[in-house]
Amino acid sequence: MAFFLKRAKTYFENAEMPSNEIVLSVPTYASNVERQAYLDAAEIAGIKCVRLINESTAIALNYGFFRKADLSAEKPRIVCFIDFGHSKLTVTYASFLPGKTKILATHSDRNLGARQIDYLLFELFSAEFDKKHKCDPRENPKARLRMLDSIEKMRKLLTGNKDADLHCDSLLEDIDFHKHFTREDLESLIGPFIERFKICLMESITISTLDPSTIDFVELVGDSTRMPIVIETIKKVYGKEELSRTLNS
């Protein structure tokens, strides 16, 4: 992490925006030991961390800053932020008044994200390749990375298209791997993940003690929230016809 922060610092210096101060965000479930490790990394990189905040707080502050002109002084605006990215899911509820943001509740599944979907597809395609050609991409690090990269690209294409192709030229022992996959196939395969996603949303509502009808807006954050089946699941759980996407997504 220290190496990463030091490299990031050089990008700002090259853009003639030098600074030795930084604000870092961490997942809400990060332990005290993990939070201290972030502070130590900043010190090793020669950067002063002026504040360490939760990612959910950072998202809410970003929303409040850009939407402050629309807020009412009489009635707090209740917003649900669903941050569904590569490796984890976090649901945050916050209330907004002009000049004031309050985090009401947050709930996470730290092992539910697009990464798990990619691994599931990787296992499926690798088994198919091994059965046909008698060599397993799962046992070759280079082939593994190449296939996972191709799977991620295909999955993203399926968010906007009903079908897509996966191409891995010379994947293993100069053998090509090509696969045509449909969105319907993907949604059928990830049914258990979507159920787990739905359960996490329901648990977050219980923890927040909020009535879904009192939630004014549901904001989406993270690349995985672009999947049609994810969007439909969120609409059903919260009873919303329209969803919004935050500026930093």
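The values are calculated or read from the model by the stated rules, or taken from the named source; none is laboratory data. Remember, predicted model here, so these are calculated numbers, not experimental data. Here the Cβ positions follow ideal geometry from the backbone for every residue, glycine too, while neighbour counts run over all protein chains shown.
For the condition within 20 Å of the chain's Cα centre (by Cα) and surrounded by 15 or more Cβ atoms within 10 Å (Cβ to Cβ), Leu5 does not qualify.
For every residue, the table says whether it meets (1) within 22 Å of the chain's Cα centre (by Cα); (2) crowded, with 21+ Cβ neighbours inside 10 Å; (3) in contact (Cβ under 8 Å) with a residue 24 or more places away in the chain.
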{"residue": "Arg77", "(1), (2), (3)": "no, no, yes"}
{"residue": "Cys80", "(1), (2), (3)": "yes, yes, yes"}
{"residue": "Phe84", "(1), (2), (3)": "yes, yes, yes"}
{"residue": "Thr101", "(1), (2), (3)": "no, no, yes"}
{"residue": "Leu104", "(1), (2), (3)": "yes, no, yes"}
{"residue": "Leu120", "(1), (2), (3)": "yes, no, yes"}
{"residue": "His133", "(1), (2), (3)": "no, no, yes"}
{"residue": "Glu152", "(1), (2), (3)": "yes, no, yes"}
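Restricting Ile205, Ile199 to those that are surrounded by 14 or more Cβ atoms within 10 Å (Cβ to Cβ) and among the β-branched types (Val, Ile, Thr) reduces the list to Ile205. Has the range 44-56 got any residue that is assigned to a helix (DSSP H, G or I), in contact with a Pro (Cβ under 8 Å, 6 or more places away or on another chain) and surrounded by 13 or more Cβ atoms within 10 Å (Cβ to Cβ)? Looking through the range 44-56, at least one residue is assigned to a helix (DSSP H, G or I), in contact with a Pro (Cβ under 8 Å, 6 or more places away or on another chain) and surrounded by 13 or more Cβ atoms within 10 Å (Cβ to Cβ). The lone criterion from (1) surrounded by fewer than 17 Cβ atoms within 10 Å (Cβ to Cβ); (2) outside the structural domain of Tyr11 (by TED's automatic domain parsing) left unmet by Asp40 is number (2).
Of the numbered criteria (1) surrounded by 12 or more Cβ atoms within 10 Å (Cβ to Cβ); (2) in contact with an Asp or Glu (Cβ under 8 Å, 6 or more places away or on another chain), the one Asp176 fails is (1). Looking across the range 152-187 at every residue that is in contact with a strand residue (DSSP E or B) (Cβ under 9 Å, 6 or more places away or on another chain) and small (Gly, Ala, Ser), the one that is farthest from Met227 (Cα to Cα) is identified as Ser170. Of note, Ile117 satisfies the criterion of being of a type in the set (Val, Ile, Thr), touching a helix residue (DSSP H, G or I) at 6+ places or on another chain (Cβ under 7 Å) and under 21 Å from Ile199 (Cα atoms). Condition check for Thr214 on (1) more than 20 Å from the chain's Cα centre (by Cα); (2) surrounded by fewer than 16 Cβ atoms within 10 Å (Cβ to Cβ); (3) within 23 Å of Leu112 (Cα to Cα): one failure, at (3). Examine the range 31-38 for a residue that is among the β-branched types (Val, Ile, Thr), touching a strand residue (DSSP E or B) at 6+ places or on another chain (Cβ under 6 Å) and on the phi < 0 side of the Ramachandran plot, and state whether such a residue exists. No, there is no match, as no residue in the range 31-38 is among the β-branched types (Val, Ile, Thr), touching a strand residue (DSSP E or B) at 6+ places or on another chain (Cβ under 6 Å) and on the phi < 0 side of the Ramachandran plot. Comparison of Ala41, Ala69, Ala37 shows that the only residue that is in contact (Cβ under 8 Å) with a residue 40 or more places away in the chain and in a helix (DSSP H, G or I) is Ala41.
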